[in-house]
Amino acid sequence: MWEHEIRVEAKLEREGGKVYPVCIAGARAGPPEDIGGPPGYMALVDRIRFGDIDRLLHGDEGDTDDDDPLRTFEPERFSRREVNAALKLEFSELIRG
C-alpha cells in the first residue's frame with residue numbers, strides 16, 4: 001500500500017486567469033507502475049544505489065534493454081513543473097467550469 005501526504009496550505013477565492021490546484025513543493029519521485037508494491041520499490045532503490053540495476057531488470061541472464069525506463073529512474077528526483085503540468089491536465093475540466 002502506498003501512502004502519500006498532501007497538505008492543503010490555503011483555500012483561496014478563484015481568480016480569473018489562474019490555474020488551480022498548484023503544487024508549491026514536493027520531494028522524491030513517485031513509484032513506477034507495476035513495480036511490485038513497496039517491496040519491489042525498495043528492491044529497485046537498493047539496486048540503483050548499489051549499481052546493480054541489470055540483475056533486477058534481467059536476473060542472472062545478462063540480457064540488457066537500454067531502453068527500459070527503470071534504467072533511468074531517479075528515486076530522489078522531483079519536478080514541481082511536471083506535477084503542475086499533470087495537475088493542469090487532470091483538472092482542466094474543473095478549471096473551465
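Brief remarks follow.
- Which numbered condition Glu13 fails, given (1) modelled with pLDDT under 90; (2) assigned to a helix (DSSP H, G or I): (2)
- Matching residues in the range 58-73 - criterion: being at pLDDT below 65 and part of a helix (DSSP H, G or I): His58, Gly59, Asp60, Glu61
- Residue, nearest to Thr72 (Cα to Cα), within the range 26-52, restricted to residues that are surrounded by 10 or more Cβ atoms within 10 Å (Cβ to Cβ) and among the hydrophobic types (A, V, I, L, M, F, W, C): Ile48
- Some residue of the range 74-83 being of a type outside the set (D, E, K, R), exposed (fewer than 12 other Cβ atoms within 10 Å of the Cβ) and modelled with pLDDT of 80 or more: no
- Pair list, Cβ under 6 Å, 6 or more apart: the range 42-53 residue farther than 14 Å from Pro69 by Cα, other residue assigned to a helix (DSSP H, G or I): Arg47/Ile53; Arg47/Leu56
- Of all residues in the range 1-25 being among the acidic types (Asp, Glu) and closer than 21 Å to Phe78 by Cα, the one that is surrounded by the most Cβ atoms within 10 Å (Cβ to Cβ): Glu9
The values are calculated or read from the model by the stated rules, or taken from the named source; none is laboratory data. As the structure is a prediction and not an experimental result, all values here were calculated from the model. Note that each Cβ is placed from the backbone with ideal geometry, even for glycine, and that neighbours are counted across all protein chains shown.
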